[in-house]
Amino acid sequence: LELNLQHASKLEAMGRLTGGIAHDFNNMLSIVIGNLDLVKGALLGNEKAHRRIESAIEGAHRCAELTSRLLAFSRRSPLQPKALNFANFIPGLIKLLERTLGERITISADLEAGLPEVCVDHAQFEAALINLAVNARDAMPGGGTLDIRIRRRDPTGPEGVEDVRFVEITVADSGTGMSPDVLARVFEPFFTTKEAGKGTGLGLSMVYGFVQQSGGTIVVDSTPHQGTRFLVTMPVLAEGSPRSEECAAGATNEPP
Ligand code: ADP
């Protein structure tokens, strides 16, 4: 528990700090990009200078991408949970992942029939799964398999005990795996083993924060040279619970 609290307050402080910096930085960056675009237009006759400006613009766009990740990480904006039906949601996600991960990654998805709905922010949930999948891809430079399984998990407590039911989402890869010391730090903000410019170390801490805020859990296990498995649980949308009303209200607020 203490570790969790430490983690939460560290996340909070990091979020505030990065949010402030990212916001200012973003404003300055838009001035840089705007001016570079103008200069680019003026340099049409000069091919060499034109190429240099293009690479400067590309670099600035990458900075902008990073700041938008930082802003997303620090954002305190409330989630917009809505009822989510896995049978409708997963096919689109798989298509998106196929495009994102490339041909060397084989995606296998296994969805239990008749899964109950969960109440979750759809866009953030999708972003979280994409995050896990992109990390998996990075851990499989020579290609491999991404295995997505979705199951219902009923409480295993004694007979008759009322408990929250969960849907379990497993995302497993056949990649490099992690050493125990990396594994222990994966959810830490800014922890990355990727080279500068490739990793921010924010992906999994964002996923962690989102899953917690959604009433779920996330754990990871990993075996070096064999692969990594993330297990996310999301509470089932129970009939008549206050959350179910919140979710139903959310659904009707959606534009047609
Ligand atoms: P980033 O991807 O920017 O490094 P993350 O927070 O998403 O940030 O991940 C932190 C670190 O966790 C990664 O740098 C990597 O070392 C490790 N990691 C995450 N997912 C996996 C995976 N599927 N297989 C192996 N290592 C992983």
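Roughly speaking, what is the stretch gain from Ala42 to Ala184, that is 0.36 nm per residue apart minus the C-alpha to C-alpha distance, in nm to one decimal?
Length gained, Ala42 through Ala184: 45.9 nm.
Quick one: what are the phi-derived ³J(HN,Hα) couplings along region 127-136, Karplus 6.51/-1.76/1.60 with θ = phi - 60°, whole Hz, x for glycine and proline?
4, 5, 5, 5, 4, 4, 5, 5, 4, 4
Tell me the net charge near Arg99. Cut-off is 15 Å between Cβ atoms, Arg99 excluded, with +1 for each Lys or Arg and -1 for each Asp or Glu.
0
Stretch Val134-Glu103 to full length: gain in nm at 0.36 nm per residue minus the Cα-Cα span?
Between Val134 and Glu103, full extension yields an extra 9.8 nm.
Any idea what the dipole of region 42-94 comes to, in debye rounded to 20, about its Cα centre with Lys/Arg Cβ at +1 and Asp/Glu Cβ at -1?
220
Tally Lys and Arg at +1 and Asp and Glu at -1 over the other residues with C-beta under 13 Å from the C-beta of Ala136: what net charge comes out?
So the environment of Ala136 carries a net charge of 0.
May I ask you to give the average projected area over all directions of the convex hull of the Cα atoms of region 29-100, in nm² rounded to one decimal?
Dividing the Cα hull surface by four gives the mean projection, 7.8 nm².
Per residue of region 29-42, in order, report the coupling 6.51 cos²θ - 1.76 cosθ + 1.60 (Karplus, θ = phi - 60°) as ³J(HN,Hα) in whole Hz, putting x for Gly and Pro.
5, 5, 5, 4, 5, x, 5, 4, 4, 5, 4, 4, x, 6
Sequence-distant or interchain residues sharing an amide H contact under 5 Å with Ile107, placed H: which?
The answer is Leu146.
When N counts the residues of region 87-242, how does its alpha-carbon radius of gyration compare numerically with 2.2 N^0.38 Å, as a ratio?
That works out to 1.07 for region 87-242.
So for each of 135-142, 98-105, 53-60 I average, over its residues, the number of other beta carbons within 10 Å; can you give me the resulting order with the highest mean first?
135-142, 53-60, 98-105
Starting at the first residue of region 78-85, write each ³J(HN,Hα) from the Karplus equation 6.51 cos²θ - 1.76 cosθ + 1.60 with θ = phi - 60°, in whole Hz, x for Gly and Pro.
Karplus-based 3J(HN,Hα) across region 78-85 equals x, 6, 10, x, 9, 4, 10, 9 Hz.
Throughout, read-outs are computed from the coordinates displayed, never taken from laboratory work. Being a predicted model, the structure only gives us computed values, none of them experimental. Here Cβ is always computed from backbone atoms with ideal geometry, including for glycine, and neighbour counts include all displayed protein chains.
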